[in-house]
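Here is the structure we will look at, set down as structure tokens.
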Amino acid sequence: MNETVDPRVQAMTLDEKASLLSGLDGWHTKPVKRLGIPSLLMTDGPHGMRLSATPDGIPAPATAFPTGVGLAASWNIGLIEKVGRTIGAECRRSGVDLLLGPALNIKRSPLCGRNFEYYAEDPWLAGNIAAAFVRGLQSTGVGACLKHYALNNMEKNRQNSDSVCDRRTMHEIYLSAFERAVRESKPWTVMCSYNKINGTFAADHHYLMTEVLRDTWGFDGFVMTDWGALNDRVEAVRAGVELEMPASGGATDRELVEAVESGKLEEAVLDRAVERVLRVIDQRDQAQAVIPAPAVDLADHHRFARQVAAECMVLLKNEGALLPLALGKTVAVIGPFADRVRVQGGGSSRVPCWQTDVPLDELRKRLPDVRHAPGCDADAEQADPDLLDRAVRTAAEADIAVVFLGLPDRIESEGYDRSDMRLPAAQEELLSAVLAVQPETVVVLMNGSPVEMPWADRVPAVLEAYLGGSAAGGAIADLLTGRIAPSGRLAESFPFCMEHNPSYLHFPDEDRTVQYAEGVYAGYRYYTTCKTAVRFPFGHGLGYTTFAYSRLRFSQVALLEGETLTVSCRVRNTGDRTGGEVVQLYVSLCAGLVRRPERELKGFAKIELAPGEEQEVTFTLDKRSFSRYDASRECWVADSGVYTVRIGSSCTDIRLEAGVAVYSTDRPAVRLDEYVTLEELAAHPDLAPLVEAEVARLAAAPRDPGLDAMGEGFAHAVLMTTPLRVMARHPGSRTDRAWVEQLLAACRDALET
Ligand code: BGC
């Protein structure tokens, strides 16, 4: 390890060094006054500023944006950057240096209690949204903190469960969003998760914290623990986790000092950790010296939050163009969330909104005749007959009913998971009763994760409003009345029922262990591969217009090593309203050597078109777009072959597709040992000619008549799939050990040349 060069580290006592590696309190790092080293102030995150370090401990009012799931459903990179900038401006005003976000864990199961905070079931989408957020935030001189790294996809037992996952799945699904965000946006900090990964606590995980995060992705900030996620102070510093949060009362600082004094920990390792913390402090000082604190006008932020919320909501269904609501109709506004709006989830991310818009009030401002009945309590298991009765009468007397349903806080929060995907029974009962008297019914949902919708076929229109932040109420009114056209698209699949989800048999943990047994088949990767129909697919969402796709083009017929491929298509607004569309690009290689998902998102673009307007949309694909993670070689590899590129409006609504050849110098792994079969050798492109010649030679030689009598197909299968060493022992096979040695040597030569 290099001698430290930072003179401040050299000037520090051992105690001072150790002191920099744990919190001063819940939210600050410790200063070293003697050397003029200031502290950093951090706060939650991720969809607004929750500044808890106030004199009375009551968080300061701020703007709450839609929670993660909604932000990702906008699929709008520019918009998310601006959200980051706006939150950054509020942080600067309050002297906050680090925002604890974005949270980008993959939604493995719809039941994870914290899904509302997380972006997507797809790493490309989650990684790009996170990178945009970090870019925006850090452009204001406030650092980001990617959390919770890694494989924290369940709340139950989050402090002691073990996520057991193979390396391929880990990299392709659960790490690559972090990788994208680290490489693209250079976050100042990362937060390690509570859980274990393959038997080792995240805080002690050298492979994840150092080999992957720093050595492979190039992260150069510091890693902090989630609050209380430290397992072993000395081990964590060795692994690459610098800052323990929150304060430890000095106990773990002493452990570090003793470890250095006793020779258990090299002082250079401690110095390196201190340097990493100092680097971020310097980064903050330099950034804030040149970037003036942006002006904050909370009313302006609220208006922006309303625009963002409208882009984050997803119109799932709109039969008979029931929406936007026709003017002049009597509208019954029903349901527990119409006047008691749920704008965010429970736990550390809850922002104390300085203003909250209520959908009922906002609808009243825009519609002449609105009648209201709550219908039931949000949390009730059983309907209250009086409330139900009044709601049914209100619905029957109106021209149209808008029913606000969703998940109450008790069901969805940080700290625990949902036990099923249903809405509370009283809400389902309310909806059935309303539908019995009013077929013209719109459902507006407020929840942070998919719900089962056994009623969906009976309801003509459904708007998924998610948890839309401070201005959700206004945004809902804007969308329902057509002031704004919906343009959000699902960042997760809505299965018909929980049992269809690929993680179903392995969620939550058993005996503190979660087996990620579905492998890389998370979310839509599973549904599209196994042809399992879902209620609403990943990428789905409607607007108030329609789009036609045409002219799929590739910049070249094949992608060669080191090149990029430009894919383009044209999209035209064929309706009579301006609207937003999310053009999605999926790739697949279904006949490869290694089984892969039927669809993988590798590009997306959000566009807005006026009626009749047409635009060319382009995507750039590179080798990584076609690669899979090869665990045996610990790197990404692209298999040569013809890949299908699909462009669509969701993962199942594919409008254009074509094949493209990819030539890569990567070669599949092959085991050149005596257990290998001719079939395995023949699958390798560099060995195929040699093996085919050998097979032809053996097939032409006189055969074992007994084997022939068992059928030609069987004889061929025996030849191709018998391990070489077994074949060599077989009396009638015309092969022996020398043949095995020669063949393996020839294969080795072929691979080397
Ligand atoms: C959460 C983090 C949060 C931290 C500080 C933890 O319990 O998991 O996401 O940033 O608390 O509030």
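Any read-out appearing in this document is the output of simple, stated calculations on the displayed coordinates, not a laboratory observation. Note that the structure is a prediction, hence the values are computed from the model and not measured. Don't worry about glycine lacking a Cβ; one is built from the backbone with ideal geometry, like all the others, and counts go over all protein chains shown.
Over all other residues within a Cβ to Cβ distance under 13 Å of Val582, the charged ones net out to -2, with Lys and Arg as +1 and Asp and Glu as -1.
Can you list the DSSP H helices in the chain whose Cα atoms extend at least 30 Å along the helix axis and whose mean Kyte-Doolittle hydropathy is 1.0 or higher?
Helices meeting the criterion: none.
In terms of distances greater than 29 angstrom between alpha carbons, the cross-link table entries Lys107/Lys606; Lys30/Lys156; Lys82/Lys329 yield Lys30/Lys156; Lys82/Lys329.
Going by neighbour counts of Cβ atoms within 10 Å, the residues Ile334, Ile106 line up, fewest first, as Ile106, Ile334.
Label sites at Ala456 and Val290, each approximated as a point 7 angstrom past Cα along Cα to Cβ, lie 5.0 nm apart.
Sorting 626-635, 121-130, 665-674 by their mean Cβ neighbour count within 10 Å, with the most densely packed peptide first, gives 121-130, 626-635, 665-674. Annotation: amide H-H contacts under 5 Å for Met49 (H modelled 1.01 Å from N, sequence separation of 5 or more, or interchain): Thr63.
Positive contributions from Lys and Arg (+1) and negative ones from Asp and Glu (-1), summed over other residues with Cβ under 15 Å from the Cβ of Ser493, come out at -3.
Cβ crowding within 10 Å ranks Trp75, Trp217 as Trp217, Trp75, fewest other Cβ atoms first. Here the Karplus curve 6.51 cos²θ - 1.76 cosθ + 1.60, taken at θ = phi - 60°, turns the phi angles of segment 610-616 into couplings of 7, x, x, 6, 10, 9, 8 Hz, with x standing for Gly and Pro.
So if the hydrodynamic radius of the chain is defined as the Kirkwood radius over C-alpha pairs, what does Stokes-Einstein give as its diffusion coefficient at 10 °C and 1.306 mPa s, in µm² per second?
Rounded, D is 56 µm²/s.
In loop segments of segment 688-753 as defined by DSSP, there are no GluC sites (Glu not before Pro) with at most 12 further C-beta atoms inside 10 Å of their C-beta. Among Phe219, Phe714, the ranking by other beta carbons within 10 Å of each residue's beta carbon, starting with the fewest, stands as Phe714, Phe219. Full extension of the chain between Ala750 and Asp399 yields a length gain of 118.7 nm, computed as 0.36 nm times the residue separation minus the alpha carbon distance. For segment 502-508, backbone phi angles converted through the Karplus equation (6.51, -1.76, 1.60; θ = phi - 60°) give residue-by-residue couplings of x, 8, 3, 7, 10, 9, x Hz, Gly and Pro being listed as x. Amide H contacts under 5 Å for Ile37: Val32, restricted to partners 5 or more places along the chain or on a different chain, H placed in the peptide plane at 1.01 Å from N.
Could you check what % of the DSSP bridge pairs in the chain are antiparallel, to the nearest 5?
55 percent
Length gained on full extension, Arg390 to Arg551, computed as 0.36 nm times the residue gap minus the Cα-Cα distance: 52.5 nm.
Whole-Hz Karplus values for segment 16-24 come out as 5, 4, 4, 5, 6, 9, 8, x, 6 Hz, taken residue by residue from phi with 6.51 cos²θ - 1.76 cosθ + 1.60 and θ = phi - 60°; glycine and proline positions read x.
Quick check: net charge around Pro352, other residues with Cβ under 14 Å of its Cβ, Lys/Arg +1 and Asp/Glu -1?
-1
Highest average first, the peptides 407-413, 729-735, 12-18 ordered by how many other beta carbon atoms sit within 10 Å of their residues are 407-413, 12-18, 729-735. Full extension of the chain between Ser262 and Ala669 yields a length gain of 142.0 nm, computed as 0.36 nm times the residue separation minus the alpha carbon distance.
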